[in-house]
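See structure below.
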Amino acid sequence: MKIKITSKRLWLYFFISKIIYMFSAIFVYSKFSPLVDTHSYLTGVVYDPQLMFSKSTQMIGTIAYSFSLILGPVLANVPFVILSFYGIYYAVSRIDLTNKQLTILLILLSFPTFGIYSSVASKEAIAVFFMGVILGFIIDIIKKRHVGNYLLIVIAFYLCILFKPQYMIGISALLIYLFLSRILRLKGYGKLFLLVLFFIVSFGLLYIFRYEINAISFNMPKYFSLKSNSTRENTFWIDDFDVFKNALYGMYIAFVGPTFTEATQKTTHLFAWIESMIILSTFAVGSLKLYLVAIKTYKLNIYYLSIFLTVTLWILFVHYPFGVLNPGSAIRYRENFYGFLVILFYFLYTETLNQYYQNLEIKNKIQDKQ
């Protein structure tokens with residue numbers, strides 16, 4: 001007897017997987033890589049109600065410790081599982097997907113590192129929540145739907161500013177692009193011009209603040225101890241403005257985490273490297289398919305391409321100084337925006353393919369009538 005897999009059942013399986021990841025993180029993964037921050041949050045090391053609304057560490061420390069007193073140190077992680085699950089659900093539920101497409105997307109969102117770090121008391125779990133809500137808001141704008149849940153959206157933006165203010169650069173750039181595209185009623189070439197203008201303004205801002213960014217890059221190594229087995233020697237920022245010269249490779253390695261050489265030297269790094277290669281391969285295959293569609297139709301969806309590039313390039317750039325010196329930090333901090341980028345890409349990917357197949361069907365019907 002064949003059991004029909006409904007979307008509700010898929011979501012149930014996904015939630016169960018996050019619970020499994022929670023227990024795996026606490027009782028298995030922590031033996032190989034201690035979850036120091038999670039332990040600090042749950043034991044009240046950073047408990048401070050007076051600062052919880054102005055400092056991200058104190059906020060999560062106060063909330064996690066309060067849950068720990070009520071539920072115990074293990075079950076205190078469950079509210080964070082629910083929070084990150086809801087963030088993903090909020091964004092994905094706004095996309096029109098078949099059960100097969102939903103299955104693929106949830107598999108991509110069930111990879112081990114993302115599952116582990118977003119299923120315990122962590123800043124990553126909260127980031128998955130607010131980035132998911134913000135993405136749901138963005139998808140509603142793109143689809144020209146009525147935007148509701150304003151209080152939830154305001155809370156999400158507040159948490160983003162509190163926890164990851166650097167992400168607001170890319171998110172703001174995307175919202176400005178969407179606003180200008182709609183208010184000016186731009187067509188293909190107009191949207192292309194707007195994308196070119198985005199790059200000009202972005203490079204202009206980087207040039208204006210080049211000294212400040214350069215100074216910040218030289219301060220980053222002090223936050224990474226060379227006593228740690230994973231920390232790399234700083235060869236990225238030696239001379240002035242190396243932060244820009246090495247940006248492309250830095251953005252790559254800060255997303256992937258371990259290099260191939262590092263992956264061969266440590267088991268946890270090997271698994272993380274393999275996972276990263278699968279993620280990049282998935283993006284590459286999806287991009288190739290969209291490229292082939294563009295060749296067949298002689299059309300490139302500049303609007304969707306601009307949406308993805310506008311926010312992705314900024315997020316990867318602001319992430320790279322935090323992940324380039326330590327593969328463990330790279331993987332962990334990546335989980336803050338991994339769900340956002342995967343869901344956004346998959347949304348634009350399915351929308352493009354749906355439009356292609358709809359146009360193809362219409363074309364075939366016209367030819368049949370002729």
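The values are calculated or read from the model by the stated rules, or taken from the named source; none is laboratory data. Because the structure is a prediction, the values reported are computed rather than measured. For neighbour counting, all protein chains shown are included, and Cβ atoms are generated from backbone atoms with ideal geometry for every residue, glycine included. These accessible areas exclude ligands, DNA and RNA; they are computed on the full protein's heavy atoms, side chains included. Shrake-Rupley method; radii C 1.70, N 1.55, O 1.52, S 1.80 Å.
Determine the order of ASP239, ASP140, ASP37 by accessible area, beginning with the largest, at a probe radius of 1.4 Å. Each step should come with its number before you reach the end.
Details: ASP239 90, ASP140 10, ASP37 60 Å².
Largest accessible area first, the residues go ASP239, ASP37, ASP140.
May I ask for the distance between the Cα centers of the range 69-132 and the range 198-259, given as a whole number of Å?
29 Å
Can you put GLU262, GLU275 in order of accessible area, largest first, using a 1.4 Å probe? Present the calculation step by step, with values, prior to reporting the outcome.
Working: GLU262 35, GLU275 15 Å².
Largest accessible area first, the residues go GLU262, GLU275.
Go ahead and set up a Gaussian network model of the chain, Cα springs under 10 Å, then flag whichever of TYR356, TYR167, TYR333 fluctuates most.
Result: TYR356 has the largest fluctuation of those listed.
From the phi angles alone, apply the Karplus equation (6.51, -1.76, 1.60; θ = phi - 60°) to the range 334-339 and give each ³J(HN,Hα) in whole Hz, x where the residue is Gly or Pro.
Running phi through 6.51 cos²θ - 1.76 cosθ + 1.60 with θ = phi - 60° gives 4, 5, 4, 10, 4, x Hz.
Write down the accessible area per residue of the range 202-306 in Å², having rolled a 1.4 Å probe over the full set of protein chains. Please report the intermediate quantities before stating the final value.
Values: 6770 Å² over 105 residues.
Value returned for the range 202-306: 64 Å² of accessible area per residue.
So, with a 1.4 angstrom probe, what is the percent of accessible area on the range 298-359 that is carbon and sulfur?
Values: 1230 of 1950 Å².
Exposed carbon and sulfur together represent 63 percent of the surface.
Given the pairs LYS143/LYS289; LYS191/LYS299; LYS55/LYS123, which are separated by over 18 angstrom at their Cα positions?
Cα-Cα > 18 Å for LYS143/LYS289; rest within.
Could you tell me which label, among [x] 18.0; [y] 23.0; [z] 19.0, carries the value of mean projected area of the Cα convex hull in nm² calculated for this structure?
[y]
Nothing charged except the Cβ atoms of Lys and Arg (+1) and of Asp and Glu (-1): what's the magnitude of the dipole of the chain about its Cα centre? Round to the nearest 20 debye. Numbers along the way, then the final one.
Numbers: 32 positive and 16 negative charges, 276 e Å.
So the magnitude is around 1320 debye.
Taking +1 at the Cβ of each Lys and Arg and -1 at the Cβ of each Asp and Glu, which of GLY170, GLY257, ALA215 sits farthest along the dipole of the range 154-274 towards its positive end, judged by Cα position relative to the Cα centre?
Value: GLY170.
Specify the inter-centroid distance of the range 139-197 and the range 29-64, based on alpha-carbon positions, in whole Å.
One Cα centre to the other: 31 Å.
For the range 45-190, what is the relative contact order in percent, using Cα pairs closer than 8 Å and at least 6 residues apart in sequence?
On the way: 134 pairs, mean separation 30.8, N = 146.
Answer for the range 45-190 is 21 percent.
Using alpha-carbon pairs under 8 Å, 6+ residues apart, how would you state the relative contact order of the range 122-172 in percent?
Values: 27 pairs, mean separation 21.8, N = 51.
Relative contact order for the range 122-172 comes out at 43 percent.
Positive end of the dipole of the range 1-81, charges at C-beta (+1 Lys, Arg; -1 Asp, Glu), about the Cα centre: which of VAL45, PRO34, PHE80 has its Cα farthest in that direction?
After comparing all options, I get PHE80.
HN-Hα J couplings of the range 117-126 from phi, Karplus 6.51/-1.76/1.60, θ = phi - 60°, integer Hz, Gly and Pro as x?
6, 9, 10, 9, 5, 7, 5, 5, 4, 5
What percent does the relative contact order of the chain come to when contacts are Cα pairs within less than 8 Å and at least six residues apart? It would help to have the intermediate numbers written out before the result.
On the way: 412 pairs, mean separation 68.6, N = 370.
Dividing the mean separation by the residue count of the chain yields 19 percent.
State in Å² the accessible area per residue of the range 97-196; use a 1.4 Å probe, count heavy atoms of protein chains only, and round to the nearest integer. The partial results should precede the final answer.
Numbers: 4420 Å² over 100 residues.
Averaged over the residues of the range 97-196, the accessible area is 44 Å².
Take the Cβ-Cβ distance between PHE179 and THR264 as r, set R0 to 35 Å, and report the resulting FRET efficiency rounded to the nearest 0.05.
Values: r = 48 Å, r/R0 = 1.36.
After rounding to 0.05, the efficiency reads 0.15.
Tell me, what % of the accessible area of the range 85-212 is carbon and sulfur with a 1.4 angstrom probe?
Working: 4440 of 6120 Å².
Result for the range 85-212: 72 percent of the exposed heavy-atom area is carbon or sulfur.
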